[in-house]
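Engineer: Got a structure here, written out as structure tokens. Questions coming.
No lab work stands behind these numbers, since they all come straight from the coordinates. As the structure is a prediction and not an experimental result, all values here were calculated from the model. Heads up, the Cβs are rebuilt from the backbone with ideal geometry, glycines too, and the neighbour counts pull from every protein chain shown.
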Amino acid sequence: MPKNLPILATTATANNRVVNDIQGQLGNHILISRGELTRDALHLQNLPLMPKTQRLAWLVIALNRIAGTGIIYAKTVRDCELVADWLTTNNINANKSQSKF
């Protein structure tokens, strides 16, 4: 990458090993900013595992009740594409972008 290209790398779950790996890939000149996991703008929730079709239906209902934007993590690229396509079909703006790391 060109040296004058600004880069922003973000994660909510990186442990020290991952942070060190990212720093090794991007260089020692980067600024690392870490905060607490508990934040007013971050809400975590545990749900019982349902079959995939029920999860997708629940997701549409839940997202229609939440204001703002968010990130949905999925296990595979194929699952990301499936969820994004399902949300789009249900008139929810979804982007299938994926990490390159």
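Engineer: Mind checking which lysines have their C-alpha under 17 Å from K96, skipping anything on the same chain fewer than 8 residues away?
Structural biologist: List returned: K75.
Engineer: OK, next. State the extension gain, in nm to one decimal, for the chain segment bounded by V19 and N90, taking 0.36 nm per residue of separation less the distance between their alpha-carbons. Before the final figure, lay out each step's value.
Structural biologist: Details: separation 71, 0.36 × 71 = 25.56 nm, distance 3.67 nm.
Gain in length upon complete extension: 21.9 nm.
Engineer: Okay, next question. Report the normalised scattering of the range 6-78 as log10 I(q)/I(0) at q = 0.18 Å⁻¹, calculated by the Debye formula with identical scatterers on the alpha carbons.
Structural biologist: -0.97
Engineer: Next question, about the same structure. For the range 80-87, just list the computed ³J(HN,Hα) in residue order, Karplus coefficients 6.51, -1.76 and 1.60, θ = phi - 60°, integers in Hz, with x standing in for Gly and Pro.
Structural biologist: Residue by residue, the range 80-87 yields 4, 5, 4, 5, 4, 5, 4, 5 Hz.
Engineer: Using +1 at the C-beta of Lys and Arg and -1 at the C-beta of Asp and Glu, which of L82, L31, V60 has the Cα lying farthest in the positive direction of the dipole of the chain?
Structural biologist: Of the listed residues, the answer is L82.
Engineer: Per residue of the range 3-20, what does 6.51 cos²θ - 1.76 cosθ + 1.60 with θ = phi - 60° give for ³J(HN,Hα)? Whole Hz please, x for Gly and Pro, Karplus curve as stated.
Structural biologist: Working through the residues one at a time gives 5, 8, 7, x, 10, 10, 10, 10, 7, 9, 10, 6, 8, 4, 4, 5, 4, 5 Hz.
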